[in-house]
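Worksheet: the structure to be examined is printed underneath.
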Amino acid sequence: MEKEKAKDLGFAIGQMLEKVRQQKPLLHHITNFVVMNDTANVTLHIGALPVMAHAREEVAEMVAAAGALVLNPGTLTPAWVESMIVAGRRANELGIPIVLDPVGAGATTLRTQSNLRLLEGLKIAVLRGNSGEIGAVSGLGGEVKGVESIKDVEDPEEVARTVARKYGLTVAITGKRDVISDGQRVIGVDNGHAMLKTITGTGCMATTMIAAFAAVERDYLLAATAGLVCYGLAAEMAASGAKGPASFKAALFDNIYNLTPAQIAEGARAYYL
Amino acid sequence: MEKEKAKDLGFAIGQMLEKVRQQKPLLHHITNFVVMNDTANVTLHIGALPVMAHAREEVAEMVAAAGALVLNPGTLTPAWVESMIVAGRRANELGIPIVLDPVGAGATTLRTQSNLRLLEGLKIAVLRGNSGEIGAVSGLGGEVKGVESIKDVEDPEEVARTVARKYGLTVAITGKRDVISDGQRVIGVDNGHAMLKTITGTGCMATTMIAAFAAVERDYLLAATAGLVCYGLAAEMAASGAKGPASFKAALFDNIYNLTPAQIAEGARAYYL
Amino acid sequence: MEKEKAKDLGFAIGQMLEKVRQQKPLLHHITNFVVMNDTANVTLHIGALPVMAHAREEVAEMVAAAGALVLNPGTLTPAWVESMIVAGRRANELGIPIVLDPVGAGATTLRTQSNLRLLEGLKIAVLRGNSGEIGAVSGLGGEVKGVESIKDVEDPEEVARTVARKYGLTVAITGKRDVISDGQRVIGVDNGHAMLKTITGTGCMATTMIAAFAAVERDYLLAATAGLVCYGLAAEMAASGAKGPASFKAALFDNIYNLTPAQIAEGARAYYL
């Protein structure tokens, strides 16, 4: 019966993917320097359009054309955080969903506080981070070294639910099992592959995947699930023939581009918990 | 007879490519964060040397050693545009050709106005953009969403010729057929492949290709044609074995590096219109 | 007997590699935009953890968690150099080794002077550059165009020894033969491949490789040798099947990840000179 439910979710996700490809939403990223190229490519591969724009002078105008706004302070400075606030406020006014990726929260005071400022000053639709990062912004445990979770929160389901309720948003804690909650419902996603840990920016790419679906599906619990299922499934398929991280990454990108609703219906491993 | 003409152009382009590889001109880029790595690699693959330098304090000195200057305000801020002006003025003094890529012109006021400022304040050798971007800087139609042309200008030949005359430069409007004009002559380039639309930065890479040839060929109509023929041809060859965007991109880069005058003479599809 | 000595060094390097993979040191990079993604990936592939952080407000806190600090002013501005100084001072206080990559020193006054400021204001563990760059910071010859050495120093062994003594650090001059000296001992590394010159950021990646070993081995002459042997060996293996620069780069990354102590013991070509 679990398998049946997964198939139902998988079928719904396949339909969402077709919506992304038909609507081609613009994903406005204010993101870090490390992943700009990769997340722009992932945006195109899943079927959306990327734009990277961070100048305070243009972000409010740019976001108005977007289907979703990605805020990723992975190489933050205070000036970039200001631009994120400006863009985020405009997105909130226009009802455009914001996906926040609190890269490295917990590693420094600047990162923790900047992410809290974004969380508290803006209406965020989806917050996606690793276990240590979500622990850091919630004060519920976990530990971060650089941008890596080196100590996970003890009960991710409980943490996800608590943070979701506190801020009125959907939380996705990614890891071996991804745990997603909107405060009421909780979904676990078992798609993914250990090879993802061998390349940089995999969390940031997962965030972009979620944003593509958030632009076409207003039930953000389902949108986040869709992004993580598609991403994890593409990674699983990529791992089989890979000789190492670089060939894995190339196959991951190719598979995101080639992903079909039939593959998703067959391979999705997402369950209500 | 069209085919004969194409062969003549192809032969000339092969000779220009050999000049690039012999002279190894330095291409000074002031460009966007998304494509810095890709355009530095493309610079090396076609046979030139890349440098990325944007500090106001050094750009005038750096550009003095360059064979061409690429200005690409794809992730612009006002401070970066200032550096572009400083570098551009010095390039103009020294007779070093400037290639401008007006990324996202038309998407925001900042982008449109900054590109107009560069066009009007500097002597540009080649302006390369997609149809929407060239439409935006000329006021002759077209529409841009993010950095994508979502509505092309109606008559690209006429627009190219008009913009070229207005600013006294060579215009390249890239798309399914690239249209290049210096205000008098108009060349169409049919090389290229639809897979180029599946990866980010393809326009920026085309601009870098043009800059490599502009550094060795002062007839900028021919230089722009050479860049676009070589780029499009490498893309065509890359598409045949590609399993998706990432394997296509790797093959594109490999093919740019391996491109021979014989392949160009055989495969060039460039015609005076 | 030379071969025997190389085997001894190779055996020691294999052991160091296992230490990197066990300890997974954090490598804090303040580096250039062109290579951020590549050097983060290389950090992961060799077995360490990357973080890229440049905000003056957080670098002192971030570096405190690091095993090594990489300073690479390849796309410098004065503000970034300030952050490097702040991070470097804290690293010095804590005894965390700093690896400096003087990208483009000699190309502009800003680059030469900024690198001299870092060299003179901080205690650097390893200085790695191409021949022209090391010549420029030492005033001992060499010439740089953009970021390329276009005229090498005449006697790299002598230059390496002299610079090492002057600043009390280990110098690695990379090229066809890498020359490494701590002022007393001199090691030559013959691993590497000409294909490295066809892609961007290969010097920067070599610097990251050195930093991974400097984080686990306080004899920086050996650490630098280890980084360059592993990097060069991975490049040699990558070159055999490569069809061009992009497939070479992917194989290089895969090989760094898959490198074994046995391969190193067999393939290391490092000799005391």
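Overview of results
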{"read-out": "Only listed residue being more than 14 Å from chain C (Cβ to nearest Cβ), closer than 30 Å to C:LEU259 by Cα and touching a strand residue (DSSP E or B) at 6+ places or on another chain (Cβ under 9 Å), chosen from A:ALA215, A:ALA234, A:ALA206", "value": "A:ALA206"}
{"read-out": "Subset of the stretch B:35-44 [touching a Ser or Thr at 6+ places or on another chain (Cβ under 7 Å) and within 7 Å of chain C (Cβ to nearest Cβ)]", "value": "B:ASN37, B:ALA40, B:ASN41, B:LEU44"}
{"read-out": "Enumeration of residues in the stretch B:24-34 that are within 19 Å of C:THR77 (Cα to Cα) and more than 7 Å from every other protein chain (Cβ to nearest Cβ)", "value": "B:HIS28, B:HIS29, B:ILE30, B:THR31, B:ASN32"}
{"read-out": "Residue match in the stretch C:234-248 (condition: within 11 Å of the chain's Cα centre (by Cα), assigned to a helix (DSSP H, G or I) and at pLDDT 95 or above)", "value": "no"}
{"read-out": "Hits in the stretch B:3-36 (condition: among the polar types (S, T, N, Q) and either surrounded by fewer than 23 Cβ atoms within 10 Å (Cβ to Cβ) or at pLDDT below 95 (or both))", "value": "B:GLN15, B:GLN22, B:GLN23"}
{"read-out": "Residue in the stretch A:142-150 that is surrounded by fewer than 24 Cβ atoms within 10 Å (Cβ to Cβ), in contact with a helix residue (DSSP H, G or I) (Cβ under 6 Å, 6 or more places away or on another chain) and within 14 Å of chain C (Cβ to nearest Cβ) present", "value": "yes"}
{"read-out": "Qualifying residue in the stretch A:192-201 (condition: touching a Lys or Arg at 6+ places or on another chain (Cβ under 8 Å), crowded, with 24+ Cβ neighbours inside 10 Å and away from chain C (no Cβ under 14 Å))", "value": "yes"}
{"read-out": "Complete set of residues in the stretch C:249-273 that are part of a loop (DSSP other than H, G, I, E, B) and among the β-branched types (Val, Ile, Thr)", "value": "C:THR260"}
{"read-out": "Lone unmet requirement of (1) in contact with a helix residue (DSSP H, G or I) (Cβ under 6 Å, 6 or more places away or on another chain); (2) farther than 23 Å from A:GLY132 by Cα for A:ARG218", "value": "(1)"}
{"read-out": "Candidate set: the stretch B:97-111, residues that are within 10 Å of another protein chain (Cβ to nearest Cβ) and among the β-branched types (Val, Ile, Thr); chosen: the one nearest to B:ALA206 (Cα to Cα)", "value": "B:VAL103"}
{"read-out": "Leading residue by the ranking (farthest from the other protein chains (Cβ to nearest Cβ)) among those in the stretch C:246-273 that are small (Gly, Ala, Ser) and over 14 Å from C:ASN191 (Cα atoms)", "value": "C:ALA262"}
{"read-out": "Selection within the stretch A:45-96 - without any contact (Cβ under 8 Å) to a residue 40 or more places away in the chain, within 10 Å of chain B (Cβ to nearest Cβ), assigned to a loop (DSSP other than H, G, I, E, B) and within 21 Å of the chain's Cα centre (by Cα)", "value": "A:ALA53, A:HIS54, A:ALA64, A:ALA65"}
{"read-out": "Subset of the stretch B:97-150 [part of a strand (DSSP E or B) and either in contact with a His (Cβ under 7 Å, 6 or more places away or on another chain) or among the basic types (Lys, Arg) (or both)]", "value": "B:ARG128, B:LYS145"}
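The values are calculated or read from the model by the stated rules, or taken from the named source; none is laboratory data. Please read all numbers here as calculations on a predicted model, not as lab measurements. Note that we place each Cβ from the backbone using ideal geometry, even for glycine, and neighbour counts take in every protein chain shown.
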